[in-house]
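J.: First the structure, then my questions, so here it is.
Any read-out appearing in this document is the output of simple, stated calculations on the displayed coordinates, not a laboratory observation. The shown structure was predicted, so the numbers you read here are calculated from the model rather than taken from an experiment. Note that each Cβ is placed from the backbone with ideal geometry, even for glycine, and that neighbours are counted across all protein chains shown.
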Amino acid sequence: MALLGLGILWGLYAPVARPPVYEEPLPATRALPELEQALFAALERAGVAPGSLSLSYQGGRQGELTVFKAHLAAGRSLEEAARLIRRSLERSGAQVQRLPARSGLLLEASLGGRPSLRLRLLPPRALPAPPTLPPRPRVALLVDDLGYDLQQVRALAALGIPLTVSVLPFSPYGAEAARLAHAKGLQVMLHLPMEPLAYPKMDPGPGALLSSMSPQELERRTLGALGSVPHAVGVNNHMGSRFTQEAALLLPVLATLQRRGLFFVDSKTTAASQGLATARGLGLPSARRGIFLDNQATLPAVEEQIQQMIKLARQRGSIIAIAHPHPSTLQALQKWAPILRKSVRLVLVSELVQPPLAFRVRSPTDK
């Protein structure tokens, strides 16, 4: 390609008719094209960067002088290139001398004692700085409802990605699941049951917070639930479509978390939830769910939600996605984990709360 480019340049240059300043001796007239052909061939062997050769004309007392300028390709030496070009021009019958130059090397070739051409040879151009890529959006995956099967914890940890798990209080294997998750580098939260709109037909489970309870009872139950899930650094609500609609019910619960140095994530099981607003009003580090991944627990549906999660994360800059330990969800996360590593920055839930927390929990990717 370089030779072709040089040939094209020579083709453009050769036919240009310029009235001579003076009549040249015949031998020099015949030799000049041969000299330039030798130069072009030598430039290619010397490693001139394709497309970098340019020419201009300078007038002088002895006639017009053709001046070539070329940048070497990356990794090429100016001195070696100059020696190669000089030998080639001298074999064509030219007398070659090196002239002083403020940058690079300047060679002048003469025929019959008259300067015929000059070559300014320059070092490789500095590579342009790589484009600044926009920061990848942050995604925190929060898997709820742990505490009934330890194998679910092992399967989640085996994914090898930053994950936060939320453990139901007083569940059969809740304490053991929390310890196992913590030991495997997962972040642990308490999945605190709260009263749903369909209560009592829909039972939120042991240790649930109900709208009929006093502030003192709500605080007592919150502390009891926290005691059943070791290593919990934050809390999110399980159900709670009724309970989270009232800031007065949430206040004693969130104040308890604040005193313990924890954070709160509003699972947003109802659009009318006051969870985030109440937590922010207290100055409690908090966030809210941005998407559910497996309301429909089939593999195609979960995969579609993962794609929607990525899209929303790019639009918003970050997102918390809540999932559950269904087989289809585990299968989808395993399949999509390599894609997620490249397309988003997977983080722990604690990294997305506002105001930021002072602590950080190890993730499986930490060294």
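J.: Suppose we keep just the DSSP beta bridges with both residues in the chain; what percent of those would be antiparallel, to 5?
T.: Percentage antiparallel, nearest 5: 35.
J.: Over the stretch 138-352, what is the relative contact order in percent, taking alpha-carbon pairs closer than 8 angstrom and at least six residues apart?
T.: 25 percent
J.: Helix 174-183 against the longest principal axis of the chain: what's the angle in degrees, Cα atoms only, rounded to the nearest 10?
T.: 20 degrees
J.: Hand me the trypsin sites (Lys or Arg not before Pro) from the stretch 144-203 located in a DSSP loop with no more than 16 other Cβ atoms within 10 Å, in residue order please.
T.: Answer by residue number: K184, K201.
J.: For the stretch 48-125, state which trypsin sites (Lys or Arg not before Pro) are in a DSSP loop and have at most 11 other beta carbons lying within 10 Å of their beta carbon.
T.: When the trypsin sites (Lys or Arg not before Pro) of the stretch 48-125 are filtered for loop state and at most 11 Cβ neighbours within 10 Å, R61, R102 remain.
J.: Please give the helix 78-91 orientation as an angle from the longest Cα principal axis of the chain, in degrees from 0 to 90, rounded to the nearest 10.
T.: 30 degrees
J.: Another question, then. For the chain, take the longest principal axis of its alpha carbons; what is the angle in degrees between that and the long axis of helix 299-316, to the nearest 10 within 0 to 90?
T.: Roughly 70 degrees between the two axes.
J.: For the stretch 138-352, what mean projected area does the convex hull of the alpha carbons give, in nm²? Display every interim value, and only then the final one.
T.: Working: hull surface 43.0 nm².
Average projection, Cα convex hull of the stretch 138-352: 10.8 nm².
J.: Let me ask something additional. Taking amide H positions as placed in the peptide plane 1.01 Å from N, state which residues far from A73 in sequence (5 or more) or on other chains have amide H under 5 Å from it.
T.: V48, A49
J.: Using the C-alpha atoms of the stretch 180-236, what convex hull volume per residue, in cubic angstrom, is computed? Mind showing how you got there, number by number?
T.: Values: hull volume 5.0 nm³, N = 57.
So the per-residue Cα hull volume is 87 Å³.
J.: Which order do T270, T329, T164, T298 fall in if you start with the one that has the fewest other Cβ atoms within 10 Å?
T.: Working: T270 18, T329 23, T164 29, T298 13.
Ordered from fewest to most neighbouring Cβ atoms within 10 Å, T270, T329, T164, T298 come out as T298, T270, T329, T164.
J.: Right, something else. Just rank S214, S54, fewest to most, by other beta-carbon atoms within 10 angstrom. Intermediate values should be presented prior to the final figure.
T.: Working: S214 9, S54 12.
In increasing order of surrounding Cβ atoms, one gets S214, S54.
J.: Could you give the radius of gyration (one decimal) and Dmax (whole number) of the Cα atoms in the chain, in Å?
T.: Rg and Dmax of the chain, Cα atoms, are 37.1, 113 Å.
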